[in-house]
Amino acid sequence: MSDPDDLSGDEHSRRSVLKAGAVGAAVATAGGVAPLAFGSSTAAGAEGALSSPVPTAEVTLRVNGRERRVTVESRVTLLDTLRERLGVTGPKKGCDRGECGACTVLVEGRRIKSCMTLAVMEDGREITTVEGLARGDELHPVQAAFIQRDAFQCGFCTSGQIMSAVACIEEGHAGSDAEIREWMSGNLCRCGCYPNIVEAVRDAAKGNKR
Ligand code: FES
Ligand code: FES
């Protein structure tokens with residue numbers, strides 16, 4: 001059996017496959033099937049697009065009540081802008097593709113996965129992260145409920161869970177455990193703290209402290 005990584009002369013070696021792919025791409029380009037991101041019908045045009053500067057824009061985000069102005073490339077996500085440019089590290093980068101919910105923040109009170117929106121799209125909007133929930137030393141009821149119910153282990157998902165729970169309650173989607181599970185299903189927890197999270201959301205929704 002041949003080694004798929006063997007580059008020594010097998011006509012089906014990885015190198016030949018890669019070459020075939022490159023030729024295929026060039027043919028498609030020459031035939032007018034332009035690569036989506038480049039908008040050019042020539043390989044030279046594609047290279048030019050790759051090396052051309054990415055447009056930037058100045059955006060103003062109101063983060064946890066504070067106005068923050070920052071110049072960002074138009075392709076930069078809200079999550080990266082918060083974490084890398086503004087030092088707001090409560091929202092976590094788990095999957096970076098909209099699947100885990102670790103990056104959940106509120107935009108104008110609505111929960112959103114901040115890895116799935118661009119900073120330029122949120123210009124002028126009010127962003128609330130977990131850092132903005134407590135009032136001085138007084139925790140938000142959802143934060144307090146998560147502690148009371150021991151609703152975390154490693155804590156990586158927790159800021160996203162809490163932000164999502166705040167919105168879930170505000171939306172009126174915390175009327176039963178089943179409803180909480182359904183409306184919190186966009187937030188994953190690798191530690192499997194789901195029963196405790198549901199209890200915490202239920203407590204916070206009822207204004208209970210257990
Ligand atoms: Fe945004 Fe996973 S990091 S959904
Ligand atoms: Fe570890 Fe949720 S507490 S991923």
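Every Cα-Cα pair of the range 66-118 was included, and the share exceeding 16 Å stands at 36 percent. Take residue 147: with every protein chain present and a 1.4 Å probe, its accessible area is about 100 Å².
Along the range 184-198 the Karplus relation, 6.51 cos²θ - 1.76 cosθ + 1.60 evaluated at θ = phi - 60°, assigns HN-Hα couplings of 9, 6, x, 10, 9, 10, 5, 7, x, 8, 3, x, 5, 5, 4 Hz to successive residues, with x for each Gly and Pro.
Under the combined filter of DSSP loop state and at most 13 neighbouring Cβ atoms within 10 Å, the range 127-177 retains these GluC sites (Glu not before Pro): 171.
Accessible surface comparison of 74, 185, probe 1.4 Å, protein chains only, largest first: the order is 185, 74. With Cα atoms as the point set, the radius of gyration and Dmax of the range 109-205 evaluate to 13.3, 38 Å. Of the trypsin sites (Lys or Arg not before Pro) found in the range 68-132, those that fall in a DSSP loop while having at most 13 other beta-carbon atoms within 10 Å are 75, 97. Stretching the chain fully between residue 67 and residue 147 yields a gain of 25.8 nm (0.36 nm per residue, less the alpha carbon separation).
For the range 65-126, GluC sites (Glu not before Pro) are listed when DSSP marks them as loop and at most 16 other Cβ atoms sit within 10 Å of their Cβ; the list is 99, 108.
The values are calculated or read from the model by the stated rules, or taken from the named source; none is laboratory data. It should be emphasised that the depicted structure is a prediction, and the values quoted were computed from it without experimental measurement. Because the Cβ atoms are built from the backbone with ideal geometry, glycine has one as well, and the counts that use them run over all protein chains shown. Just the protein is used for accessible areas: all its heavy atoms, side chains included, with ligands, DNA and RNA removed. Shrake-Rupley method; radii C 1.70, N 1.55, O 1.52, S 1.80 Å.
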